[in-house]
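K.L.:
Got a structure for you, written out below as structure tokens; questions coming shortly.
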Amino acid sequence: MCSGADTELLAQCSKAEQIKQAGIGGTVFFTAIMATIAASYALYTVFDTVYAAIFFGCIWGLLIFNLDRFIVSTIKKKGNVKSEVFQAIPRIILAVIIAIVIAKPLELKIFQKEIDRVLLEEKNQMTLDNQLQIAQQFTPEIDKLNSDIAVLKNEIAQKENEVNNLYGTYIAEAEGREGTLKIGKGPVYKEKREKHDAALVDFQLLKRENNEKIQQIETQIAALKESQTAKVADTQPTIDGFDGLMARVNALDKLPWLPSFFIFLLFLAIETAPIISKLLAPKGEYDIKLEDAENTVKSWADQKEYQRKQQLAADAIINDKVYEELASEEELYQYKRKRAREVMQLQADAFYEQQKNTL
């Protein structure tokens, strides 16, 4: 049944012929089993559910089984090698396509550890690239805010230097090292001291205001960094989930090609085995009986077609002869003449009534 053979016709053949057809059918059957396993695993990597993967994998296996059985059953042994090879070429091409489809998911399973390593490297690189890209969105604004903080701190530092210089000036005046060079707290000292005290008040006010501004800017920077961290955390699951079917196929392509190629050759051999075995096998008892049955049906169909043509030709000759004899009968002529006269009278009466109504 799996080889697409006629079981009733095969039952009339020898045991050896039945074993040969069973071997071809077994190859078709186990190829479908491998296709079911491969498709189930491939679909599991997509849907991540066992039941859906098994269900659709069984459907895929049945489809492959039906295709293989069709391919094998349509190759007829005629005893002409060239004709059989030419007939098998499209089927071999289809078998190659099926072998590729079956082999790829199993390659993914066999090389799962190596593929996971490649995916891990890609995920790490994607994580770094993602962090860099997100940082580029926030860095300009953060740098600008840090620049504003630096300006405010610079203003404080400049004002502080100014106050310190004024402090050193009035102390030096009091000690007689600068200014009037007189020791003591005279009018000049008092003037310089008042200037320092006014600058100190301005410094304290500036420092308080700038510190408040710096605190607000630092709050903005903290909020931006928090948003950056949150965006990285939101996008990380997408990177962590980067292990679908297409990602694994691309990762497999980055591994050495030779092991995958040999696995493909294995499945290609399995898939084309029924076709090759049928091409290499000599024309057997089953093939002879099948050809005889087909020729019998074809001969019977040709006979019926020939009989229908002859019947149609004979019927045409009889009809021609019948109508030829009827054409010479006087009675039929007079009957048709009478009826034609009545039709013409009716047409004349109708035309008269129409003209009368028009006037």
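Taken together, the values in this text are just the output of simple stated rules run on the coordinates, not laboratory data. Since the model is a prediction, treat every value here as computed from it, not as a measurement. Cβ: placed from backbone, ideal geometry, glycine included. Neighbour counts: every protein chain shown.
K.L.:
Which FRET efficiency, nearest 0.05, do ILE19 and LEU280 yield, Cβ-Cβ r, R0 22 Å? Mind dumping the intermediate values first?
P.N.:
Details: r = 16 Å, r/R0 = 0.72.
The value I calculate is 0.90.
K.L.:
Also, quick follow-up: Only counting other Cβ atoms within 10 Å, I'd like TYR306, TYR44 sorted with the fewest neighbours first.
P.N.:
Going from sparsest to densest Cβ surroundings: TYR306, TYR44.
K.L.:
In segment 202-279, if the dipole is taken from +1 on Lys/Arg beta carbons and -1 on Asp/Glu beta carbons about the Cα centre, which of GLN236, MET246, PHE264 is farthest to the positive end?
P.N.:
Final value for the positive-end residue is PHE264.
K.L.:
Stokes-Einstein D for segment 134-243 at 25 °C, 0.890 mPa s, Kirkwood Rh over Cα pairs, in µm²/s?
P.N.:
Working: Rh = 17.6 Å.
Once the numbers are plugged in, D ends up at 140 µm²/s.
K.L.:
How much of the pair distance distribution for segment 284-347 lies past 13 Å, counting alpha-carbon pairs only, in percent?
P.N.:
Roughly 76 percent, once rounded to a whole number.
K.L.:
For P(r) over Cα pairs in 20 Å bins from 0, in percent, one of (1) 28, 52, 19, 1; (2) 32, 55, 12, 0; (3) 16, 21, 16, 16, 15, 9, 5, 2, 0 was computed from the structure I shared and the rest are decoys. Which label?
P.N.:
(3)
K.L.:
Using a Gaussian network model on the chain with a 10 Å cutoff between Cα atoms, which of ARG339, ARG69, ARG193 fluctuates the most?
P.N.:
Comparing ARG339, ARG69, ARG193 in a Gaussian network model of the chain, the most mobile one is ARG339.
K.L.:
For Cα pairs less than 8 Å apart in space and 6+ apart in sequence, what is the mean separation divided by the residue count of the chain, i.e. the relative contact order in percent?
P.N.:
24
K.L.:
Next up: Sorting SER260, SER328, SER83 on the 10 Å Cβ count, fewest up front, what's the list?
P.N.:
Fewest-to-most ranking of SER260, SER328, SER83: SER328, SER83, SER260.
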